[in-house]
């Protein structure tokens, strides 16, 4: 198959000096299928599966202030099999995407703008923004599932063509938050949502054949803004974090975040098929956590790793030369401003005690690990580093959680990557026997590429580099699906 530009989506965006509409975040509007790609090095024959990445890629000029989480969802995929690779990318054809294409302009204001400026009612927890399905991506029941930051309908896509197949039939009234979890050991999908009405959070389980089989309330004191969840073999873990919408402003229709340092971080731990009566609540130091990593059971304890923010409500000091609203936006997406550190919590199910500590004092976030270890004790974790002042990944750090050792690989000057999931090698014999896969946008060479790293030795640099047919925009989350998960 030659390089084929499948389509060029009509858009109203022009050149911009907005920091998240230019540079590495410059949107693209072309959709490609390509498998005759230039390769530097050699594609290994012992990798079989698909790397998917979701990207916030706006099509129309924003109504008011644009936030990088507002962009339309675009899925990029690189398929590996028998030493060959194929690339494709498609917009997620959400209801909102179709409506704005028909109108020829934006219909919804974004999460940093006054919601009253939206021209149509919104969806999800915010209630006034569009469900762009542009945040997270997983593979479940043989299909791609893309989800939105503040809860949405969940969109299914064909894993090979990236055609949008529609919304999830089982989506509850309050939607699906970003970061549903797939347990590869059972094939189940675990998810949560949140809203501005009681009980404010729900948790559910979807079977391997994509049926909603469990859905229960997780009662909270009021509207909250959780972003992720975790699980062990027997338990699910949800969080009530002390950064959430200001209740007084929320009554007036404004969704403004505020950090409450006098409130604890609360964890709800319940059996996978438990109800609200089976929740055990634990209290820990106040923080906000965007992303949890693995969790597992160890004797009477549950161990959870994630990224603790030392400054969840950062002052926009590095950005004071900008408009105040833009300065605040940039501080809240800059890891060096909110200071996220790899952290471990231990919850004692017998005594109710909580122990916690940093595992690393570097600024880290957006980690991945071998998903075959999910819910059980794993040894290795792969975190990203970021460009100070920017929401741009500039390298990766591998942690050996048993020995405490770590290894780092910077991507290079002007080279910015995406979340780098672990892809097990065919016939893998160790937890780190495989590859890290990432897309990199190179501003110096003005191109994008897909890079494979040997997870056993990341400091050796790329095993191979596969050039994409166009320079793509930066984005957030990615996932790896083994070939067996998307075939047959």
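Side notes on the structure shown:
- Residues satisfying the stated conditions in the stretch 305-319, i.e. free of Cβ contacts under 8 Å to residues at least 24 places away in the same chain and assigned to a helix (DSSP H, G or I): 317
- When residues of the stretch 290-315 are limited to those that are more than 20 Å from residue 362 (Cα to Cα) and surrounded by 19 or more Cβ atoms within 10 Å (Cβ to Cβ), the one farthest from the chain's Cα centre (by Cα): 302
- The requirement of being modelled with pLDDT of 95 or more and under 15 Å from residue 83 (Cα atoms) is not satisfied by residue 436.
- Qualifying position, being without any contact (Cβ under 8 Å) to a residue 60 or more places away in the chain and closer than 24 Å to residue 256 by Cβ, among 145, 65, 107: 107
- Within the stretch 447-474, the residues that satisfy the criterion of being part of a strand (DSSP E or B) and over 18 Å from residue 370 (Cβ atoms) are 447, 448, 449, 450, 451, 462, 464, 465, 466, 467.
- Restricting the search to strands (runs of 3 or more DSSP E) fully inside the stretch 236-304 and requiring at least 3 residues that are within 30 Å of residue 421 (Cα to Cα) gives 265-271, 292-298.
- Residue within the stretch 248-261 that is closer than 20 Å to residue 294 by Cα and crowded, with 18+ Cβ neighbours inside 10 Å present: no
- So residue 432, is it surrounded by fewer than 20 Cβ atoms within 10 Å (Cβ to Cβ), touching a strand residue (DSSP E or B) at 6+ places or on another chain (Cβ under 9 Å) and on the phi < 0 side of the Ramachandran plot: no
- Hits in the stretch 219-257 (condition: at pLDDT 95 or above, under 21 Å from residue 313 (Cα atoms) and touching a helix residue (DSSP H, G or I) at 6+ places or on another chain (Cβ under 7 Å)): 222, 223
- Hits in the stretch 49-68 (condition: in contact with a strand residue (DSSP E or B) (Cβ under 7 Å, 6 or more places away or on another chain) and either assigned to a helix (DSSP H, G or I) or surrounded by fewer than 18 Cβ atoms within 10 Å (Cβ to Cβ) (or both)): 64, 68
- Residue ID - surrounded by the fewest Cβ atoms within 10 Å (Cβ to Cβ), chosen from residues in the stretch 82-115 that are part of a strand (DSSP E or B) and touching a strand residue (DSSP E or B) at 6+ places or on another chain (Cβ under 8 Å): 86
- From the list 286, 217, 223, 264, the one residue that fits, being touching a strand residue (DSSP E or B) at 6+ places or on another chain (Cβ under 8 Å), over 30 Å from residue 391 (Cα atoms) and either without any contact (Cβ under 8 Å) to a residue 40 or more places away in the chain or surrounded by fewer than 21 Cβ atoms within 10 Å (Cβ to Cβ) (or both), is 217.
- Residue that is nearest to the chain's Cα centre (by Cα) [pool: residues in the stretch 334-358 that are assigned to a loop (DSSP other than H, G, I, E, B) and surrounded by fewer than 21 Cβ atoms within 10 Å (Cβ to Cβ)]: 339
The values are calculated or read from the model by the stated rules, or taken from the named source; none is laboratory data. Not measured: the values here are computed from a predicted model. Ideal geometry is used to build each Cβ from the backbone, glycine not excepted, and the neighbour counts take in all protein chains shown.
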